[in-house]
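To start, the structure under review is shown below, and the notes come after it.
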Amino acid sequence: MTDHRDVAIVRWPGQTPSVGDGLAALLAAYHLRTEAEKGEPVADVDHLPDRYRAEVTDPRTALAGDVVLVALQEDAAVGCLVVTSADNGQSEIKRLWTDPESRGQGIASALLGAALRHAAESGVRTVRLSVWEWRTGAIALYERLGFTVTQSRDGRKQLVCMQRTL
């Protein structure tokens with residue numbers, strides 16, 4: 001893994017105006033890839049399920065109340081992650097995505113580290129997430145960072161639920 005000191009993690013929306021377009025592109029890639037992996041490929045963003053299309057076309061509204069972290073290399077958005085608002089001492093991590101050309105550089109680890117720090121600073125005691133079982137690299141990363149598999153909170157088959165106590 002390459003040292004990721006040249007990666008800046010910023011909150012969106014924020015001071016960097018170009019992040020919005022880069023975030024939308026990352027979310028689009030995430031959702032299109034996920035639908036394809038689930039065996040339900042769609043041609044483009046316009047054909048995504050409504051709630052996913054809303055995240056891409058209007059992330060400010062769709063993700064209102066959540067903290068969105070974006071990894072930047074120079075001015076390019078190369079990764080993203082969403083941390084939900086705390087609820088009963090718990091938050092959820094979702095939409096972790098690194099641009100495929102930027103993988104292997106520690107970007108996902110940097111995003112997760114920033115998310116865990118934010119959660120701890122917000123008084124969160126438990127961070128949860130769910131991941132598709134075929135995303136074995138992501139599962140291994142979560143386990144390295146102290147997440148453990150827990151009972152499913154979701155009825156979808158092939159979804160692995162994990163959590164970490166802070």
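A short reminder: the numbers here are calculations on the coordinates, not readings from a lab. What you see is a predicted model; the values in this text were computed from it and never measured. Cβ: placed from backbone, ideal geometry, glycine included. Neighbour counts: every protein chain shown.
Taking label positions 7 Å along the Cα-Cβ direction at both Thr61 and Leu141, the computed distance is 3.0 nm, reported to one decimal.
Expressed as a rounded percentage, what relative contact order does region 7-122 have, with Cα pairs under 8 Å and six or more residues apart?
Relative CO of region 7-122 lands at 27 percent.
Between region 32-62 and region 74-124, what is the separation of their alpha carbon centroids in Å? When both Cα centres are located, 20 Å separates them. Per residue, the convex hull spanned by the alpha carbons of region 93-141 comes to 79 Å³.
About the centre of its Cα atoms, the chain shows a dipole size close to 700 debye [charges on the beta carbon of Lys, Arg (+1) and Asp, Glu (-1) only; nearest 20 debye]. Extension gain, Glu101-Glu133: 0.36 nm per intervening residue step, less the Cα-Cα distance, totals 9.3 nm. Ordering Gln73, Phe147, Ala110 by the projection of their Cα atoms onto the charge dipole of region 1-150, which places +1 on the Cβ of Lys and Arg and -1 on the Cβ of Asp and Glu, puts Phe147 at the extreme positive end. Projecting the Cα atoms of Val83, Leu96, Gly39 onto the dipole axis of region 1-109, where Lys and Arg carry +1 and Asp and Glu carry -1 at the beta carbon, places Val83 farthest toward the positive end. What the Cβ-Cβ distance of Gln73 and Lys157 gives, at R0 = 35 Å and to the nearest 0.05, is a FRET efficiency of 0.45.
From helices alone, the chain scores -10000 deg cm²/dmol at 222 nm; the rule is -39500 (n - 2.57) for each run of n ≥ 4 DSSP H residues, then divide by the residue total.
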